[in-house]
Amino acid sequence: MTGLRGVAAVLVTTYHYYPPSAIAQPALSRFIGKGYLWVDVFFILSGFVLALNYAHLFAGGWNVRRWLGFLMRRLARIYPLYLVLVAGAVLMTLLAYGHLRPDNPAPAVGLPTPARDLLANLLMMQSWGITRSINGPSWSISTEWAAYLAFPVLVGVALFSRAGTALIATLGVAALMLGTVGLTTLDGAYHSGPLDAYDGTTIQPLLRCFGGFVLGLLTYRLVRLPRVLAWVSHDVTLGIVIVLLVSGFALGVHDLVVYPLFAPLVLGLYGNRGRIGQVLGSFPIYWLGVVSYSLYLLHDYLIGPRDGLFDWLQARIPAAWAHAATIPTIYAALLLIAGLAYYGVEAPSRRWARRLGRA
């Protein structure tokens with residue numbers, strides 16, 4: 001599952017680096033154009049993995065001490081790098097322009113209501129229908145933080161309830177995703193697809209996140225059914241799921257048709273001990289998963305350099321050669337920066353938080 005997180009991060013990155021209009025091959029263009037849906041894999045994986053690691057803390061109900069401990073562990077995981085990037089962007093903008101007003105040109109920070117919006121970003125509340133994210137991809141981190149706050153309630157409904165309640169929760173997930181699609185269809189804003197909800201000034205990102213997060217919790221509930229787990233995690237079954245997903249992306253089918261396939265993908269990878277698991281668990285892909293959070297938060301910063309490098313090369317060599325040189329260069333740079341961020345910020349911060357928790 002760590003490897004899946006790495007693959008998802010790379011595909012989200014590719015979606016932002018190479019929009020469908022820049023790709024001549026139709027099937028590949030449609031596949032990459034659906035890249036925003038890999039963020040939903042993050043949401044489902046988060047629900048599943050947090051249920052795996054922390055659900056037992058709330059098996060007996062909500063407990064303040066355990067809830068605060070859970071939140072501190074999640075903060076140690078996501079906040080240090082997030083804070084470094086937000087603070088760095090704000091500092092550079094203030095040094096360059098002296099203010100955070102919306103007339104600041106990109107990539108500088110420009111906020112509609114600077115004091116309120118900066119506070120919301122620092123508290124990771126910006127995408128709760130308040131404002132835009134200072135770090136673009138972190139809209140999803142803000143919505144996940146809301147899911148973490150509600151974790152004891154969500155896990156109680158999805159995992160420690162009767163089958164009827166779990167069924168109602170499943171219908172709730174469907175309602176959230178249908179609601180997201182309905183709102184993106186009617187809001188008049190640009191969306192790459194029906195589930196491409198990212199604007200923090202609306203509630204759409206929250207609906208999208210909670211739908212995926214609860215689906216991840218419900219998917220973990222199926223771990224209790226050994227026969228179901230064994231069937232879904234078999235190489236043949238899991239291979240069929242992957243083929244259907246790739247085909248659905250390449251054919252450009254509706255988001256709500258391919259979205260449910262993410263649940264058996266995650267459940268299958270959890271139980272798989274065959275060849276598919278070995279591939280996704282191999283060191284290069286596993287390492288991508290390890291640094292995926294850094295990769296995800298940092299990749300936006302290389303869009304400008306990617307365009308600049310391509311333009312510079314295209315003025316000197318044929319466009320095909322320019323693309324061939326730009327792609328490995330920019331991804332190598334991103335992996336290097338993500339690795340530095342992980343080993344220099346993420347990992348030390350987590351170790352420090354663990355030591356603080358034992359003090």
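Only the coordinates and a few stated rules stand behind these numbers; no lab work does. Here the structure is a predicted model, which means the values were calculated and not measured. Using ideal geometry, Cβ is built from the backbone for each residue, glycine included, and neighbour counts are taken over all protein chains shown.
Can you give me the distance in nm between label points at PHE283 and HIS99, each placed 7 Å from the Cα along the Cα-to-Cβ direction?
So the label points at PHE283 and HIS99 sit 5.4 nm apart.
Only Lys, Arg, Asp and Glu count, each charged at its Cβ (+1, +1, -1, -1), so figure out the dipole size of region 153-256 about its Cα centre, rounded to 20 debye.
560 debye
To the nearest 20 Debye, how big is the dipole of region 200-339 about its Cα centre, given +1 on the beta carbon of each Lys and Arg and -1 on that of each Asp and Glu?
Working: 8 positive and 5 negative charges, 105 e Å.
Magnitude of the dipole: close to 500 debye.
Can you give the relative contact order of the chain as a percent, counting alpha carbon pairs under 8 Å and 6+ residues apart? Numbers along the way, then the final one.
Values: 462 pairs, mean separation 92.2, N = 359.
Relative contact order here is 26 percent.
Check which residues have an amide H placed less than 5 Å from PHE160's amide H, if you skip close sequence neighbours.
So PHE160 has HN proximity to no qualifying residue.
Spelling out what I want: for every residue of region 299-315, take phi, set θ = phi - 60°, compute 6.51 cos²θ - 1.76 cosθ + 1.60 (Karplus), and round to whole Hz; glycine and proline get x.
These are the phi-based 3J(HN,Hα) values: 5, 4, 5, 9, 5, x, x, 4, 5, x, 5, 5, 4, 5, 6, 5, 6 Hz.
Project the alpha carbons of the chain onto their principal axes and report the range along each, largest first, in whole Å.
The Cα atoms of the chain stretch 62, 46, 44 Å along the principal axes, largest first.
Report the one residue of LEU225, VAL12, LEU215 whose Cα lies farthest in the direction of the positive end of the charge dipole of the chain (charges on C-beta: Lys and Arg +1, Asp and Glu -1; origin at the Cα centre).
LEU225
What is the dipole size for the chain, taken about its Cα centre, with +1 at each Lys and Arg Cβ and -1 at each Asp and Glu Cβ, in debye to the nearest 20? Mind showing how you got there, number by number?
Details: 25 positive and 13 negative charges, 295 e Å.
Around 1420 debye, computed over the chain.
Classify region 213-295 as rounded, prolate or oblate from the Cα gyration tensor: take a ≥ b ≥ c as the square roots of its eigenvalues, call it rounded if a/c is under 1.5, otherwise prolate when a/b beats b/c and oblate if not.
Rounded, because the longest to shortest axis ratio a/c is under 1.5.
Between ARG224, ARG30, ARG132, find the one with the highest GNM mean-square fluctuation for the chain; connect C-alpha pairs within less than 10 Å.
ARG224
Rank GLY33, GLY129, GLY88 by mean-square fluctuation in a GNM of the chain with C-alpha springs under 10 angstrom and give only the top-ranked residue.
GLY88
Count the net charge of all other residues whose Cβ sits under 13 Å from the Cβ of VAL49, scoring Lys and Arg as +1 and Asp and Glu as -1.
After counting each charged neighbour, the total is +3.
Quick one: net charge around ASN104, please, counting Lys, Arg +1 and Asp, Glu -1 for every other residue with C-beta under 14 Å from its C-beta.
Summing Lys and Arg as +1 and Asp and Glu as -1 gives 0.
Shape verdict for region 107-241, please, from the Cα gyration tensor: rounded (a/c under 1.5), prolate (a/b greater than b/c) or oblate.
Note, shape of region 107-241 comes out prolate.
Show me, for region 65-73, the HN-Hα J-couplings you get by feeding each phi into the Karplus relation (A = 6.51, B = -1.76, C = 1.60, θ = phi - 60°), rounded to Hz, glycine and proline as x.
Working through the residues one at a time gives 5, 5, 5, 5, x, 4, 5, 5, 5 Hz.
Have a look at LEU50, TYR293, TYR259 and report the one farthest towards the positive end of the charge dipole of the chain, computed about the Cα centre with Cβ charges (Lys/Arg +1, Asp/Glu -1).
Result: LEU50.
Can you compute the helix-only [θ] at 222 nm over the chain? Use -39500 (n - 2.57) per DSSP H run of at least 4 residues, normalise by all residues, nearest 500 deg cm²/dmol.
Result for the chain, helices only: -22000 deg cm²/dmol.
If you average the C-alpha positions of region 30-84 and of region 299-340 separately, how far apart do those two centres end up, in angstrom?
32 Å
In a GNM of the chain with a 10 Å cut-off on Cα contacts, which of GLY212, GLY98, GLY136 has the highest mean-square fluctuation?
Highest fluctuation of the listed residues: GLY98.
May I ask you to evaluate 6.51 cos²θ - 1.76 cosθ + 1.60, the Karplus curve with θ = phi - 60°, for each residue of region 260-266 and list the ³J(HN,Hα) values in order in whole Hz, giving x for glycine and proline?
So the J values, rounded to whole Hz, are x, 5, 5, 5, x, 4, 5.
Considering the options GLN25, SER247, ALA59, tell which one lies farthest towards the positive end of the dipole of the chain, charges being +1 on Lys and Arg and -1 on Asp and Glu at the Cβ, about the Cα centre.
Checked the options; the winner is ALA59.
Express the relative contact order of region 1-115 as a whole percentage, based on alpha carbon pairs under 8 Å and six or more residues apart in sequence.
Answer for region 1-115 is 15 percent.
First check a/c for region 247-357, with a ≥ b ≥ c the square roots of the eigenvalues of its C-alpha gyration tensor; if it is under 1.5, answer rounded, and if not, answer prolate when a/b is larger than b/c or oblate otherwise.
Details: a/c = 2.19, a/b = 1.18, b/c = 1.85.
Taking the square roots of the gyration eigenvalues as a ≥ b ≥ c, region 247-357 is oblate.
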